[in-house]
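The values are calculated or read from the model by the stated rules, or taken from the named source; none is laboratory data. Being a predicted model, the structure only gives us computed values, none of them experimental. Methodologically, a virtual Cβ is constructed for each residue, glycine included, from the backbone with ideal geometry; neighbour enumeration extends over all protein chains shown. Each accessible area value is taken on the protein alone, full model and side chains, heavy atoms only, with ligands, DNA and RNA left out. Shrake-Rupley method; radii C 1.70, N 1.55, O 1.52, S 1.80 Å.
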Amino acid sequence: MSAHRDRNPFAEEDDDVNPFSNPSHNSHSRLPALPPEPVSYNYDRNPAINMSLDKATTLKQKERELQAKEAELKIREEEVKKKEEALAKAGVFLDVRNWPPFFPVIHHDIANEIPNYLHRMQYVAFSTFLGLTLCLFWNVIAVSTASIKGKGVKIWLMAVIYFIIGVPGAYFLWYRPLYRACRKDSAFRFGWFFMFYMIHICFCIYASIAPPIVYDGLSFPGFLSAINVMSDNALVGIFYFVGFGLFCVETLLSMWVLQRIYRYFRGAGKAAEGKRNAARGVAMETIR
């Protein structure tokens, strides 16, 4: 009877089967022991506060450094401006390239460096320089059409040479001397300008006529070459007549600029000053 007696469900179980006993002694437990939690986990907030304070201090230090650098840059800019003003007063100018704005190639600042009463004259002179650039560029286009239509490659090469040499040559030989003459009020530079600007006008007149001297005059879109080409191809003739009109406008504007600058040169007494300087140079040479 005792062998078949039912087990008391309210009796205490042994330690080896008690799930709440020490896990190290329980061989049947599959749950691993949880790691101990740190003391400051979700309770101690002092480390987070220290991190935020450190970040705030580093940001303040960076702001102070940036402010110090900005102050140094401002001081340097003021020093550079003072030096530039002193050089300008002494008659020395720094030619910093600033034109055209998207790709600076030359120094050009009429509004700030040229006297107000010479602004119009200087702007028109600059327009003649740009006009010559446009004329020579259109010359390349017109001659290219003639070359494609069977007039040969030599005239195209000549047109390209005119453009490559003519544009920088015009700037260095007569426009920059005029700009510096008006800026520094120099009689010598005015004389240099007059000499090469008259050559420029003669070149424009020659190009607008295009006599049949070099390669039958077809390397320039002048009046005679336009008539010659029109008989062979109307499209090429139109290109040449457009070039003829551009060179005519360039010639008229250049004559107006030469007249205005000569009037200013004579009225301001620069002619007499130039003669005196030339006489002094001759006298110094004879003394030597």
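Just a few scattered comments:
- Residues of the range 151-167 satisfying the condition of being touching a residue at least 12 places away in the same chain (Cβ under 8 Å) and either more than 23 Å from the chain's Cα centre (by Cα) or buried (at least 21 other Cβ atoms within 10 Å of the Cβ) (or both): K151, G152, K154, I155, W156, M158, A159, V160, Y162
- Members of the range 143-193 found to be under 25 Å from V96 (Cα atoms) and of a type in the set (V, I, T), listed by number: I164, I165, V167
Table: residues versus (1) modelled with pLDDT of 95 or more; (2) under 39 Å from the mean Cα position of the chain (by Cα); (3) farther than 30 Å from V153 by Cα.
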site	(1), (2), (3)
I199	yes, yes, no
Y206	yes, yes, no
D216	no, no, no
N228	no, no, no
L246	yes, yes, no
S254	yes, yes, yes
G274	no, yes, yes
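- The selection criterion, being surrounded by fewer than 18 Cβ atoms within 10 Å (Cβ to Cβ) and either at pLDDT 95 or above or part of a helix (DSSP H, G or I) (or both), holds for L130.
- Residues in the range 199-230 that are β-branched (V, I, T), surrounded by fewer than 16 Cβ atoms within 10 Å (Cβ to Cβ) and over 29 Å from V124 (Cβ atoms): I213, V214, I227.
- Among (1) in contact with a Lys or Arg (Cβ under 8 Å, 6 or more places away or on another chain); (2) open to solvent by less than 20 Å² (accessible area, probe 1.4 Å); (3) aliphatic (A, V, I, L, M) - the single one V124 does not satisfy: (2)
- Failed condition for S147, given (1) buried (at least 16 other Cβ atoms within 10 Å of the Cβ); (2) closer than 24 Å to M195 by Cβ: (2)
- Residues of the range 112-127 that turn out to be under 23 Å from the mean Cα position of the chain (by Cα), more than 18 Å from W256 (Cα to Cα), assigned to a helix (DSSP H, G or I) and not charged (D, E, K, R), as a count: 1
- Filter result (part of a helix (DSSP H, G or I) and open to solvent by 70 Å² or more (accessible area, probe 1.4 Å)) within the range 231-248: L235, I238, F241
- A170 meets the conditions (1) open to solvent by 20 Å² or more (accessible area, probe 1.4 Å); (2) in contact with a His (Cβ under 9 Å, 6 or more places away or on another chain) in every case but one. The failed one is (1).
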